[in-house]
Structures are given as C-alpha cells and as structure tokens.
1. Arrange LYS6, LYS95, LYS248 by Cβ neighbour counts within 10 Å, fewest through most, would you?
2. Give me the number: length gained by fully extending MET86 to LYS248, i.e. 0.36 nm times residue separation minus the C-alpha to C-alpha distance, one decimal in nm.
3. Quick check on the chain: helices-only [θ] at 222 nm, where DSSP H runs of length 4 and up contribute -39,500 (n - 2.57) each and the sum goes over total residues. Nearest 500, please.
4. Order these peptides, 354-362, 310-318, by their mean beta-carbon neighbour count within 10 angstrom, highest first.
5. Among SER177, SER273, what is the fewest-to-most ranking by other Cβ atoms within 10 Å?
6. How do ASP16, ASP260 rank when sorted from fewest to most other Cβ atoms within 10 Å of their own Cβ?
7. In whole percent, what relative contact order does the chain give with Cα contacts below 8 Å and a gap of six or more residues?
8. What is the calculated FRET efficiency for HIS179 to ASN93, with r their C-beta to C-beta distance and R₀ = 56 Å, to the nearest 0.05?
Amino acid sequence: MSDSIKRIGMLTGGGDCPGLNAVIRAVTKTALYKYGVRVFGIEDGFQGLIENRVGELTSLHVSGILTRGGTILGSNNKCNPSRHYMGDDEDGNPKFIDATDYCLQTIRVNELDALIVIGGDGTMSCAAPLVEKGINCIGVPKTIDNDIMGTDITFGFTTAVSIATGALDRLHSTAASHHRVMVCELMGRNAGWLTLHAGIASGSDVILIPELPFDLDSIYKFVQSRMDRQRGFSIIACAEGARAKDGKQIVARHDPTSPDPVRLGGVAEYIASEIEQHTGIESRFTVLGHVQRGGAPMPMDRILATRFGHHALEKLMAGATGRMVVMQKGEITDVDILHAAHKQRLVPTDHSLINVARSVRTCFGD
Ligand code: F6P
C-alpha cells in the first residue's frame, strides 16, 4: 500500500452521464473507510482546478447519491487548462492562455497527492499536461457515446440505450397509426454505438450510423417497399453523426472556446424532409437530445461505475501512476491514461451486431 497518498482530488469533466455519482461515492467511501485517505471534490471539472474551487468530501456528501443522475461535483465540457478561454479580444476573437500552472498551484495548496479524473477522451487529454508535470492522475472513463479507446464499455451507455429504446418504442405506435416515416436522432458524436444498440433493441427498420455513410436513394426504396408490402410505416434510428455518402456531417453549432468545438445536430430533420419530398410518404423527425444523458443510472451502470471507482482507488493505493480504468472482455483492468487521449473508438463496419441486424432485414442505407 502506498503511504504517500493521504489526500486525493477528484473531478468530473466533459458531458455528464448517469453513473458519475456512483463513481464519486465508490472512490470516496473506499478512500475513507478502507484506507483512511481524505478526498477533495473539485467543482466543474478542470475549471474548478484552475480556480481553486475545492472542498472536502465526507461520507455525508456521498450518502444517497448512488441512484442520482448528473454529478454532485458539477462538470464542464469546455475547459481545457492548456488552452484556457479568457474572453474575446477587441476584434471578437477568443483569447486563450496555458493555465496548467494554475492547476499545479491548486494541487499544491490543497496538498493533493493524486487526482481521480472521471471523463471522456477530452478529459484524459486535458490530464496529459499534468501527467507530464509529474501529477499522478488516475482516469475513469464515462460517456453515453461508448467511444473511449481501451474500454469495451463505459458507464452511462446502458442507461442511454434504454432511454433511446424507450423513445423509439413510443414512436413505433404513432408511426403505425398515421402510416408515417419517423426519423429519430440520437446522440453519440462520431460513433454509432448508441444508435446501433437502441436501433436493434427497438426493431427500428432503418439504422443510420456515422461509420456507414448512407445513400438516400436506398432509404427511399426501402421505406417505399415497406409501404407496398402493407407495412404502412417505418422507423429510422439515426445517429447525430450520420452522413450521406456524398455529404458531410450536419453541424448544429460551433463553439470555438470548447476543446471539441463541433456540436452535431440536424440530420434527422434533413432526412425526414428529403424522404417526404422524394416518396410522398408523410415524415416526421424527433431529436432526443439531452434526455439521453439525464436521470438515474440503470442498475448495470451503477454496478459498473462502482467497480470502476473501486478499481481506481485500489490501483492508486497500490502505487500505480497515470492509469485509466477499463473493462476488457468482462474484466476490470487498466491501461495508460494517455491511451484514450485524442482518440475515438468507432463501430467497426464488420461488427457482428451489424450483421445480426442485416439478417433481420434492417436497412443501413448503405
Ligand atoms: O459526448 C456526450 C454528448 O452527449 C454527445 O453525444 C453529444 O454530441 C455532445 O455530448 C453534446 O454536447 P453538449 O452537451 O455540449 O450539447
């Protein structure tokens, strides 16, 4: 056991997801009860580390949070310490500074011996300069997108799949009543995991994911053939990052102050309108949005998050440095924290789930 670890800092970075509080609870309880180590929560991700917004977590703070969505620490998907936004200059251009030294100062004044950083690839990338300066960071991967390199699954994903499946199920009955095409846009950034899983679970007729660019003509033919076969409706599960073979992803907004400035959105509206114009079949679109990230984690996510938090603490106390907790082939283990930085785990185009879906006549529009 490491005697040098007495005080641990912990932050949640990036977009929130169900299960963050379960990790915070697992880390804090294991640290306090098993090792007698003190834990300090950092508010709003790296923003709080730059601004020294740090407070001690007691067992009272983490009591009753296992089932709660979001994060009691607050999160931030804009802040990158090595390129920290400082407002706009006179010409309206954003100004940035390297705020790594502010983070180091916060770590010093609070006498933190290590940091637990809970986040996605962006958070692991933000931790990299601190790791280079000798700060022991242990990463815990989270995201509803399930796109983090090195881990087969992230907590938050299972809950998001369930929410998305429920929404697609509901669209089914109304689509059937009105003989319409319903296009539902799901999150996931550049990865199609969420849409692929929810699409299969809901029996969606068409599944569109970024990894398999679509051809609108083949979608028109498919939904028309369903009409001709007296199946007077179609459900299309569409990832926000899906794009036509000859087109680009549709961007809803750009945020130049964010480490990942692109926010995708709008593809479902585009597809619904094209289908209606080209086939005459009445079509509607639904954008599920942040509903997919909110609310209580499902039991499997609570368990996974608790296992991740526990493993993070155990590794730290065993003397490990610069590791990220992962799930590989059903086992919890860990990899170098930089393994996930600046990378995305996409759906392989020959993934077995794609073949399974094709065999039940799901159309991928390709
Ligand atoms: O990475 C999680 C995620 O929800 C993506 O699926 C989505 O593209 C993005 O975050 C949305 O970001 P924001 O919360 O800034 O709108």
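Every number here is computed from the coordinates shown, using simple stated rules; none is lab data. All values derive from a computational prediction rather than experimental measurement. Counting neighbours? That spans all protein chains shown, and the Cβs are built from the backbone with ideal geometry, glycine included.
1. Working: LYS6 14, LYS95 11, LYS248 7.
By the 10 Å Cβ count, ascending: LYS248, LYS95, LYS6.
2. On the way: separation 162, 0.36 × 162 = 58.32 nm, distance 3.15 nm.
The MET86-LYS248 span can extend by a further 55.2 nm.
3. Numbers: 11 runs with 125 residues, N = 366.
The helix-only estimate for the chain comes to -10500 deg cm²/dmol at 222 nm.
4. On the way: 354-362: 13.1, 310-318: 20.8.
Sorting 354-362, 310-318 by mean packing, highest first, produces 310-318, 354-362.
5. Numbers: SER177 10, SER273 13.
Ordered from fewest to most neighbouring Cβ atoms within 10 Å, SER177, SER273 come out as SER177, SER273.
6. Numbers: ASP16 25, ASP260 16.
Sorted ascending by nearby Cβ count, the order is ASP260, ASP16.
7. Details: 852 pairs, mean separation 82.5, N = 366.
Here the relative contact order equals 23 percent.
8. Numbers: r = 52 Å, r/R0 = 0.92.
The computed FRET efficiency comes out at 0.60.
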